[in-house]
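Novice: For reference, the structure I am asking about is given below.
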Amino acid sequence: MANLFDDPVMAQFWAKLMRWTIALQQNPEWKKFNKEKMIYTLAYDKDSPDEDDERHVFGFDEKRAKEHALIMSYVELIACMNAITQCEYYFRRFPFRDFQVSREDYLTRNCEVFFNKINEFRERIKNLGAALKEVSPNKHFDTGKLIKQYNQSFKNELKERNLLNHHTRFSDISFTRLSMIDTLDTLSVKIPFIDSSAVEYRRICRDWIKTVRKRGELVKVYLVKITEFLSANCEFLDQA
């Protein structure tokens, strides 16, 4: 996938976010808060007594707190988008050759992560919609309609994620076939029309890499659509 911010809509909105962030950085209290937070993180010891969570929450005024919550909701959306596109790299190599993790299990886990990230993006849309309503209650961002479209676009991935969370792990006949071929290889049984498990594994990975890329591009369409709406309706970013 091309750089996310090569898209003009994304680039324009990100520039607005950067101006807003730079303006926030001029606040001496914000600078002090982040410095203390960095020191606390670097000095953190898991055996230290638990600190009050309120210590790690900056005291924005109500208006700025809502704006910050919206910005962070969008950042989470970007992070989820990146996680989806990164899924393809987990299919590129098998890192557990000397451990008790089969190729079938590794592929299954990768697919399950991918399905969960597709679902996570949907939840991030809901969070952003709620945050936007707090900032601009008069702006009509139809979260429900967008979610319905997203559900239809990703019905297969969302179905698999639902089955995984509530019923059974992901299963694919190509993975089962791979496991069978792997067993034949271990027993040194050769069947003329069947490739080795290593060859079969690479073929499956190539197919999944194509799938992840294609679905990632569709997720990006939704992200750009959301970004375009935010860019046109978040007036506070134009005032930074």
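Bear in mind these aren't lab numbers, they're just calculated from the coordinates by the rules spelled out. Here the structure is a predicted model, which means the values were calculated and not measured. So basically every Cβ, Gly included, is an ideal-geometry build from the backbone, and we count neighbours across all protein chains shown.
Novice: For helix 173-186, what angle does its Cα long axis make with the longest principal axis of the chain, in degrees from 0 to 90 and rounded to 10?
Specialist: Computed tilt is about 50 degrees.
Novice: Now, a different point. Relative to the Cα centre, what is the charge dipole magnitude of segment 79-151, using +1 at the beta carbon of each Lys and Arg, -1 at the beta carbon of each Asp and Glu, and rounding to the nearest 20 debye?
Specialist: 240 debye
Novice: Quote the relative contact order of the chain in percent (integer), defining contacts as alpha-carbon pairs under 8 Å separated by 6+ residues.
Specialist: Reported as a whole number, the value is 33 percent.
Novice: Taking only Cα atoms, what is the 0 to 90° angle, nearest 10, from helix 103-135's long axis to the longest principal axis of the chain?
Specialist: For 103-135 against the chain, the angle is about 20 degrees.
Novice: Here's a follow-up. So what are the radius of gyration and Dmax for the Cα set of the chain, in Å?
Specialist: Taking only Cα atoms of the chain, I get Rg and Dmax of 22.8, 73 Å.
Novice: Same structure, new question: So how do Ser179, Ser196 line up by other beta-carbon neighbours within 10 Å, fewest first?
Specialist: Ascending Cβ contact count within 10 Å gives the list Ser196, Ser179.
Novice: Same structure again: Using label points projected 7 Å from each Cα along Cα→Cβ, tell me how many nm separate Lys214 and Val113, to one decimal.
Specialist: Inter-label distance under the simple model: 2.2 nm.
Novice: Still on this structure, please answer the following. Sort His166, His140, His68 by Cβ crowding within 10 Å, fewest neighbours at the top.
Specialist: His166, His140, His68
Novice: So, one more: Quick one: angle between helix 62-90 and the longest Cα principal axis of the chain, in degrees between 0 and 90, rounded to 10, please.
Specialist: Between helix and principal axis, roughly 20 degrees.
Novice: Rounded to two decimals, what is Rg over Rh for segment 80-131 when you use alpha-carbon atoms and the Kirkwood radius?
Specialist: My calculation puts Rg/Rh at 1.14.
Novice: If each DSSP helix of 4+ residues adds -39,500 (n - 2.57) and the sum is divided by the residues in the chain, what number results at 222 nm, nearest 500 deg cm²/dmol?
Specialist: Values: 9 runs with 173 residues, N = 240.
That calculation yields -24500 deg cm²/dmol at 222 nm.
Novice: If you rank Glu160, Glu36 by fewest surrounding Cβ atoms within 10 Å, what's the result?
Specialist: Lowest to highest Cβ neighbour count: Glu36, Glu160.
Novice: Peptides 201-207, 59-65: what's the order by average Cβ count within 10 Å, highest mean first?
Specialist: Order by mean packing, descending: 201-207, 59-65.
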